[in-house]
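The values are calculated or read from the model by the stated rules, or taken from the named source; none is laboratory data. Being a predicted model, the structure only gives us computed values, none of them experimental. When we count neighbours, we look across all protein chains shown, and the Cβ atoms used for this are built from the backbone with ideal geometry, even at glycine.
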Amino acid sequence: MIVFEYAPNGTLFEHLHIKESEHLDWEVRLRIAMGIAYCLEHMHQLTPPVVHKKLHSSSIYLTEDYAGKISDFGFWNEATMAKMRSTGIDDTPSTDPENNIYSFGVILLEMITGRLSNSLDDGPLVAWALEFLERKRPIKDMVDPTLKTFQEEDLEKLCEIVTSCVHSDPNQRPSIREVTAQLREITLLPPDRATPRLSPLWWAELEILSTEAS
């Protein structure tokens, strides 16, 4: 058994998709995205690279200061588990870095739109968002309606990142280093501001998770 530092604010999935959870504003979502990118970059640059096998918004835990922590484990409460089952999310593990890039693109879309990654009504989120990403419809119209404010310039750049991440050809997807650099241009957040501020165990935990996954 491995014990990790407690992340008291639940998962990203809960905050995006379960009404009872606290709402995340635009700036908080950007910080979470930046933190996830830094973590994936760290994992992918290990020798050999370590790939997260089931990267979903449900595997991103939020600390006391709402920084994202990647986990391989599903400590979901009953409400989250029921919601996940209803979406038909594919839990088949993936072992290629390119699949992590795709999954990260989907998580970015979830944070932008507030929609499930896959729903019975609309199908896969990527397919639903395609008209917006291809600029056939205004991208601001796909933004989560619960967001009171957001930066349109940031949205444009984020959608460019998403489009590259979910490219149908895995070989055409960017590396996580490229994604991280692009996100940092948007957020202006270095690692020490995107990762948990009060967690000296943060990188140690990530190393343990990486060892377990390899």
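Summary of computed values
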item: Single match in 112, 139 (criterion: at pLDDT 95 or above, closer than 27 Å to residue 42 by Cα and surrounded by 13 or more Cβ atoms within 10 Å (Cβ to Cβ)); result: 112
item: Residue selected from the stretch 33-50 under the condition over 16 Å from residue 185 (Cα atoms) and crowded, with 23+ Cβ neighbours inside 10 Å, by the criterion modelled with the highest pLDDT; result: 40
item: Output for the stretch 158-175, where each listed residue is within 24 Å of residue 116 (Cβ to Cβ) and not acidic (Asp, Glu); result: 158, 159, 161, 162, 163, 164, 165, 166, 167, 168, 170, 173
item: Residues that are of a type in the set (Ser, Thr, Tyr) and assigned to a loop (DSSP other than H, G, I, E, B), drawn from the stretch 54-69; result: 63, 66
